[in-house]
Amino acid sequence: FKRNMLTVAVLAQTGGIGKTRLANALLMSLNKGRKPFQVVAKSDGITFDPFQGYDSENSVVMDEISPASFTWESFKDSLDPYKLPQVGSRYHNAIPWNVRYMFMTNVFAHGITDFVNDLLHYAKGVSKLGYLDKKDYQDWKLILNDVNAGKSYVAQLSQVLRRIPVVINIATTPNKRGTVITVSRINYQPGSGPVSHYDYVHTQQSQHTFRTVINENLTDDDMTKIAKKVI
């Protein structure tokens, strides 16, 4: 099965600078005005149920999603473009069969590096993959100087990298009067053999500075213009 799905991470170092609005504007433009399905981030004490209410929308915004929101298996299933996943849902299993674009937003000080690192440390289920050791209470550390642990870590890293090929970083200009948007691509092509090491290139493809900030004063028309430039 091939869903032909593209996953994009929209990230920023600080909140309140337009990640979610940019993600929605991009998807509205890509889908000729059709609104994306919105996924609410997990709250304490509430079961994370991302596709409850999904109704065949072909784009999704997973807003403020933490790596800890996922189980390791649900992350792999939900973002695999070559698999039709049965995503666990409270009342019935959802099948996001029609999703063409999956956008995730959140704040990370070091961008996609922090997301990948946190996912491989804190997603539910990763502690069973053989590369982590619990030294102290709730303090998982990478096992070092162990060939098998290293190979396991690299194998799981490859699973993450091929699922998030595009990264959009958003930041304000130094004078706080503009917005800098950088679109990057993780070029990662795993070989067919066992993974014993990894090579990937995080290539800056394009960067554009807009002489405006993305806030409530920005008109929808101007937001659409920004989205088309980013696309």
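Here are some notes:
- With contacts taken as Cα pairs under 8 Å at a separation of at least 6 residues, the range 99-182 carries a relative contact order of 18 percent.
- The simple spin-label model puts a point 7 Å past each Cα toward its Cβ; for D220 and V107 those points are separated by 2.8 nm.
We did not get these values from a lab; they are worked out from the coordinates using the rules stated. Source: prediction; values computed, not measured. All Cβ positions, even for glycine, are placed from backbone atoms using ideal geometry, and neighbour counts span all protein chains on display.
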